[in-house]
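Below: one structure in structure tokens.
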Amino acid sequence: MPTVQQERGQRTIKGLPQRWGKRAYQQLTEARAGKVLGEMPARYSRLSAILDEVTNAPLPIDATDAQLVILAERSAGECASVAAMIHDPKALRARLAWMVTNRGLQPPQIENDRQFMLRCVDPAWWRRGLRRVHGRAFEHAAMRLGFVSIRNGAYASNETVARHAGAKRRNARTLASVTMTNELGHEYALAELALKSVANKSIRRAELMLRMRGCEEIANDLEHAGVFVTLTCPSKFHAVLAASGTTNPNYNDATAREAQAYLVNVWACIRSALHRYGIRPYGFRIAEPHHDGCPHWHMLLFVPKHKARRLQSIMRDYALAEDGEEPGAKRNRIKIVRIEAEKGTAAGYIAKYVGKNIDGEHVGDQLDNDGNVIPADLVGDEIVKPAQRVEAWASTWGIRQFQPIGQPPVTIWRELRRVGAEQVEHAPDHIREAWEACQRVEEVDEETGEVTATSTASFARYIRAQGGVNMGRRYAIAIAAPVAEREGRYGLTMRAMPAGVYCRTAPDIVYASTRYEWKRTTGAAAQAAPWTRVNNCTEHAAEKTPDWVLFAARPTPVEPHDDTEWYANFDFAYFGTDECRKHYLRE
């Protein structure tokens, strides 16, 4: 039974944020319908059960980020204390795994016992895990209680959006405060380097549109038909009814990740059936949320024209395989549109969804599947756009928004942009063709400073150089990534380090990419060595070192402690005795 408390002059449900607790108490009172004794109405019993589950979660739903940080420090300290007592690697690993699982986290999936232990005693590892687990539990509770909807906060709850915005501000401050220098002496703030990568939303959106346009060019060359598909989950995966804004009585308590897993399974069945008929579509898949946080997919697929009807039939059959007879299923579960050149390009069909899920640029008013406009709203003191809510949703649930289908890897495309012209001067034709396809050549007018592109990148040329679409592991060019031992936060690990590209027919010849060794520099950027011979920074007069510092006695060196003899003589079987369990391993 939920606990009612008096908070700031208002009655709320204990264990919930105040905004939630106030509304939950009101709904609980309405559901009770004035009854005090005897059997309560079904709505009251159902809401009470949900509130009990939410408020009794392993991590308190109303915990703040500061409390999660403190819990991370305490959990890491407890693991360190246990590690100081248990010296047998297997016993220590089992004990630490139990402690991690008891907090609701997944133990580290790594074979090295030392690195396993180092993660368990690291507060940063605990912070990441606790924030992820708590964030998803919090958002699932918001979905179950109806706080994620067109009326209360579309796509993600207001609290999750505010928390995500706070995390981005923390990350931005960290990136701006870190200065990196390479072996050539070039110095940048880490934030500047991030803006030069696909972490920059404008670059990410432009690259996605370039890839989609490339697929369309290939489809036009092959005279393939384009199909735009919208695939959704059954009604039981939706927590809130769109028409009334009330909670769905048939909701199965599925999270957004579970709904995404359902769509993945449906697509796997569709792909298997298409493969049996010799149909190999290619294109893109975009995952985005309904107003209540349940995901749905938009897919742009290309297939030969004579196979398009079969594709549509198979996709419709599998989309309606579960609960296909429920009201509205045949109309809303799957929508298929044949792309007609007279009405627009294939890339134009999906451009709106790309912008909507990245930065909200060039999309106009954003509508949900029911035609409702998703406006910008105020969360705390910050105006939040719909695209920011979508970003918070995807980040919280860990859902991949954009997925290419049947295309050559974009990793090789990006690696080719790092390869210098001199490296591919004597390369095979398809290597040079792929390299040229990835390059954008610009000219700058000396008088006006205007930048014009004399040659633009073409993803269609890159696909042709790779041998076409749907080649699987038989693409002509692959990335060269030798495995090397690298020092990481938790010790030495073997990692694949990209170093260039190679042709599959001649794997011994690597066309090396240009890479820099970046190191974090200490101190502010203004006090570092200048890039030119002129330094405009104010120079501070050198201070004389006091005599007492120069002539002070240095500490006596201490020999490192050697505990080899202790380990050799200790009886580790003691940890399996009843005495040890009683005094040291009490749970």
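The values are calculated or read from the model by the stated rules, or taken from the named source; none is laboratory data. Since the model is a prediction, treat every value here as computed from it, not as a measurement. When we count neighbours, we look across all protein chains shown, and the Cβ atoms used for this are built from the backbone with ideal geometry, even at glycine. Side chains included, ligands, DNA and RNA excluded: accessible areas come from the protein's heavy atoms. Shrake-Rupley method; radii C 1.70, N 1.55, O 1.52, S 1.80 Å.
Within the accessible area of the range 410-522, what % is carbon and sulfur when the probe is 1.4 Å and the other protein chains stay in place?
47
Let me ask something additional. With the crude spin-label approximation of a point 7 Å out along Cα→Cβ, what separation in nm comes out for Trp98 versus Arg43?
4.7
Please compute the per residue accessible area over the range 163-260 with all protein chains in place, 1.4 Å probe, rounded to a whole number of Å².
Accessible surface, normalised per residue, equals 49 Å².
Roll a 1.4 Å probe over the protein chains and send me the accessible area per residue for the range 65-138 in Å².
Accessible area per residue: 51 Å².
In the range 65-138, carbon and sulfur make up what percent of the accessible area (probe 1.4 Å)?
Details: 2040 of 3770 Å².
About 54 percent, which is the carbon plus sulfur part of the accessible surface.
Can you grab the distance from the C-alpha centre of the range 254-323 to the C-alpha centre of the range 127-174, Å, no decimals?
Answer, in whole Å: 28.
Shifting gears a bit: How many nm separate the modelled label positions at Leu190 and Glu442, each set 7 Å beyond the Cα in the direction of the Cβ?
A separation of 2.6 nm, rounded to one decimal place.
Same structure again: Quick one: pull the percent of accessible area on the range 232-308 belonging to carbon and sulfur, 1.4 Å probe, ligands and nucleic acids left out.
Looking at the range 232-308 in its full context, I get 52 percent from C and S.
For the range 65-138, just the Cα set please: Rg and Dmax, both in angstrom.
Answer for the range 65-138, Rg first and Dmax second: 11.9, 38 Å.
If the reach is capped at under 21 angstrom between alpha carbons, list the lysines near Lys352, excluding any in the same chain fewer than eight residues apart.
Qualifying lysines at Cα under 21 Å: Lys201, Lys335, Lys343, Lys385.
Please arrange Met40, Met494, Met299, Met99 by accessible surface area, largest first, computed with a 1.4 Å probe and ligands excluded.
Ranked from most to least accessible, the order is Met494, Met40, Met99, Met299.
Where does the range 410-522 land on Rg(C-alpha)/(2.2 N^0.38 Å)?
Working: Rg = 17.2 Å, N = 113, 2.2 N^0.38 = 13.3 Å.
That works out to 1.29 for the range 410-522.
Hey, what's the range 410-522 come to in accessible area per residue, 1.4 Å probe, Å²?
The answer is 63 Å² per residue.
Here's a follow-up. Which one, Gly488, Tyr502, Gln439, is farthest towards the positive end of the dipole of the range 410-522 when Lys and Arg carry +1 and Asp and Glu -1 on their Cβ?
Gly488
Among Pro428, Ala457, Thr411, which residue has its Cα furthest toward the positive end of the charge dipole of the range 410-522, with +1 on Lys/Arg Cβ and -1 on Asp/Glu Cβ?
Ranked along the dipole, the leading option is Thr411.
Once you put a point 7 Å from the Cα of Ala243 and another 7 Å from the Cα of Arg504, both along the Cβ direction, what distance in nm separates them?
According to this spin-label approximation, the distance is 5.3 nm.
To continue, here is another question. Report the extension gain between Lys519 and Ala206 in nm, rounded to one decimal, defined as 0.36 nm multiplied by the number of residues separating them, less their alpha carbon distance.
The span from Lys519 to Ala206 would gain 109.7 nm if fully extended.
Could you go through the range 16-23 in sequence order and give the Karplus-derived ³J(HN,Hα) for each residue, using 6.51 cos²θ - 1.76 cosθ + 1.60 with θ = phi - 60°, rounded to whole Hz, and x for Gly and Pro?
Going residue by residue, I get 10, x, 4, 4, 5, x, 5, 5 Hz, with x marking Gly and Pro.
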